[in-house]
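The values are calculated or read from the model by the stated rules, or taken from the named source; none is laboratory data. Predicted model, so just to flag it, every value in this text is computed and none were measured. Methodologically, a virtual Cβ is constructed for each residue, glycine included, from the backbone with ideal geometry; neighbour enumeration extends over all protein chains shown.
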Amino acid sequence: MTYALLLSVLAIASCGLVYELVSGALASYLLGDSVTQFSTIIGTYLFAMGVGSYLSRFIGRGLITRFIQIEIGVGLVGGFSAASMFLAFSYLGSLRLVLYSFVLAVGILVGLEIPLLLRILRSRIQFRDLVSQVLTFDYLGALVASLLFPLLLGPKLGLVRTCLLFGLLNAVVALATTWMFRRDLPGARALTSQCIIAVVVLAGGFGLADQITTYAEQGLYADEIILARTTPYQRIIVTRWQNDIRLFLGGHLQFSSKDEYRYHEALVHPGLQSVARPTQVLVLGGGDGLALREIVKRPDVGTITLVDLDAEVTKLFASNQALRALNQGAFADPRVKVINADAFIWLQSDPGFYDFVVVDFPDPTNHSIGKLYTTAFYRLLERHLSSQGIIAVQATSPLFARQSYWCIARTIESVGLSIVPYHVYVPSFGEWGFVMASRRAYRVPATMPPGLRFLTVDVLRQLFLFPPDMQPVAVEVNRLDNQILVQYYDAEWHQVTQ
């Protein structure tokens, strides 16, 4: 029985950490800035555990009964936390109050568990061994959860189902404890019934997790969801309304098929057409293959290397019929080589030099992405640029995120490259900005590839003109150790959405 209780320590430690990790991941998906979200959630959770530990002193009798009831409570509150937060964000338009309410509630309940277990076990184990054994199993449970969550639970089960699974584990621990102490436990039959009800409710929730997630996401997205995937890196959602297909990564719109050609023609051709013999081309990000589609239109382009972190994205856009049609099968071009890796790390070991580089990363909503907009990254990229090479970088909106845009431009310029800022109007995004960078002065190309839907030489000349409300502003350079860009971006887009 003693060892069974110690194993329950491992189980409840895993459950508590999983609820914390899910809250952090969900907040990062929906609110952005992962460092801030995880930092505040961890701090609040640890504070709440301290409150729970303090409150445990007021539980004087019926320790086993209280422990079982707390396990049931943790299971139900923690188990349904992700689903509740998802639904709150979808239909109430607010997450923070619900998020921190669940973090506090789960933290307090988890903080009650270990002190009660210590008091239950102190008559069975000598004190010097009791604390070491309980804490050993507690820390081991934390290790198990921290390894399983990013490698298996998040990618395979999703956040809602993961919470419900571990809520079910809490309820099973409660049921097992009731059974172990059934002969000495007052009201054992009533407690058993409570445990069984909790198990049934959580198991039912687990079985309906897909429907819950779909219902919540339908509240987030106006159009029909035709594809939803969770990867180790992000949530992929594809929606469709009539002929308009839209891609969302982590809740952020990446493109609308109605007007994405404006964005991708402007991203690729102003730079590519200025390179005389582009024998080596590099695309960083752009796992949807839409920038690739524009690059392969030029027959004299040599090898094209695409580096994107998420293998699930490149796989979908290379194989799914509807998505493959958008990039016109660009992944099947024999010149294209796909590498699934972190671009920052990959560049450190890559020996190549490139005549044209497309940098098509998501907006810097958090520090993990923000590192790809720092001086450290651009210095690394500059080392891979050939003497005639040009870099084209997507740089968010110079109208809605003016500081962010000029921060990116100045950061690129700070590594010794000559920059050419420009912008284009994309109806689904509004005014959108890009920055070209090279070692030499930029010359507007004399021609554009045939068959483009938007860009001509005359149109291109207009893209370099910035009206007064998009003119440069004073900004700091974005460095790896401060990531000021993430702060600019978060503040500016928060104002836009108010």
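What to note about this one:
- Being at negative phi, in a helix (DSSP H, G or I) and buried (at least 17 other Cβ atoms within 10 Å of the Cβ) is a description that does not apply to L97.
One line per residue, one yes/no per condition, for (1) hydrophobic (A, V, I, L, M, F, W, C); (2) over 19 Å from F356 (Cα atoms); (3) in contact with a Gly (Cβ under 6 Å, 6 or more places away or on another chain); (4) in a strand (DSSP E or B):
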{"site": "Y422", "(1), (2), (3), (4)": "no, no, no, yes"}
{"site": "L452", "(1), (2), (3), (4)": "yes, yes, no, no"}
{"site": "R461", "(1), (2), (3), (4)": "no, yes, no, no"}
{"site": "V475", "(1), (2), (3), (4)": "yes, yes, no, no"}
{"site": "N478", "(1), (2), (3), (4)": "no, yes, no, no"}
{"site": "V496", "(1), (2), (3), (4)": "yes, yes, no, no"}
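- All of I304, I245 fail the test of being in contact (Cβ under 8 Å) with a residue 60 or more places away in the chain, under 20 Å from G329 (Cβ atoms) and not in a helix (DSSP H, G or I), apart from I245.
- S397 assigned by TED's automatic domain parsing to the domain that holds D350, modelled with pLDDT under 95 and in a loop (DSSP other than H, G, I, E, B): no
- Residue in the stretch 154-161 that is of a type in the set (D, E, K, R), farther than 12 Å from L17 by Cα and at pLDDT 85 or above present: yes
- Number of positions in the stretch 336-351 that are surrounded by 18 or more Cβ atoms within 10 Å (Cβ to Cβ) and either part of a loop (DSSP other than H, G, I, E, B) or not assigned by TED's automatic domain parsing to the domain that holds Y488 (or both): 1
- Filter pass, F331 being among the aromatic types (F, W, Y), more than 24 Å from Y378 (Cβ to Cβ) and in contact with a Lys or Arg (Cβ under 9 Å, 6 or more places away or on another chain): yes
- Among the conditions (1) in contact (Cβ under 8 Å) with a residue 40 or more places away in the chain; (2) touching a helix residue (DSSP H, G or I) at 6+ places or on another chain (Cβ under 9 Å), the only one that I196 does not satisfy is (1).
- Matching residues in the stretch 58-79 - criterion: being more than 31 Å from the chain's Cα centre (by Cα) and among the aliphatic types (A, V, I, L, M): I59, L63, I64, I68, I70
For every residue, the table says whether it meets (1) surrounded by 17 or more Cβ atoms within 10 Å (Cβ to Cβ); (2) closer than 29 Å to A176 by Cβ; (3) not acidic (D, E).
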| position | (1), (2), (3) |
| --- | --- |
| L31 | yes, no, yes |
| S56 | yes, yes, yes |
| G62 | no, yes, yes |
| I70 | yes, yes, yes |
| A83 | yes, yes, yes |
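- Residues satisfying the stated conditions in the stretch 57-80, i.e. closer than 19 Å to V173 by Cα and small (G, A, S): G62, G73, G75, G78, G79
- Among the residues of the stretch 248-307, those identified as among the basic types (K, R) and over 15 Å from W432 (Cβ atoms) are R277, R293, K297, R298.
Conditions tested, residue by residue: (1) more than 32 Å from the chain's Cα centre (by Cα); (2) surrounded by fewer than 11 Cβ atoms within 10 Å (Cβ to Cβ); (3) under 15 Å from Y378 (Cβ atoms).
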position	(1), (2), (3)
S428	no, no, no
R439	yes, no, yes
A446	yes, yes, no
L455	yes, no, no
D458	yes, yes, no
R461	yes, no, no
P467	yes, yes, no
M470	no, no, no
I484	no, no, yes
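- Tally of residues being among the hydroxyl-bearing types (S, T, Y) and modelled with pLDDT under 90 across the stretch 68-104: 3
- Extreme residue, nearest to the chain's Cα centre (by Cα), among residues of the stretch 352-370 that are at pLDDT 95 or above and surrounded by 18 or more Cβ atoms within 10 Å (Cβ to Cβ): F361
- The C-beta contact set for the stretch 96-107 (first residue touching a residue at least 60 places away in the same chain (Cβ under 8 Å), second residue in a helix (DSSP H, G or I) and of a type in the set (G, A, S), distance under 6 angstrom, 6+ apart or interchain) comprises L99/A27; F102/S81; V103/S23; L104/A48; V106/G78; G107/A48.
- Residue list for the stretch 238-276, restricted to those being within 30 Å of L385 (Cβ to Cβ) and of a type in the set (S, T, N, Q): Q254, Q273, S274
- When we screen E265, E312 for residues that are of a type in the set (D, E) and closer than 26 Å to V457 by Cβ, the only hit is E265.
- Residues of the stretch 204-236 that are without any contact (Cβ under 8 Å) to a residue 40 or more places away in the chain and either crowded, with 17+ Cβ neighbours inside 10 Å or outside any helix (DSSP H, G or I) (or both): L208, Y221, A222, D223, E224, I225, A228.
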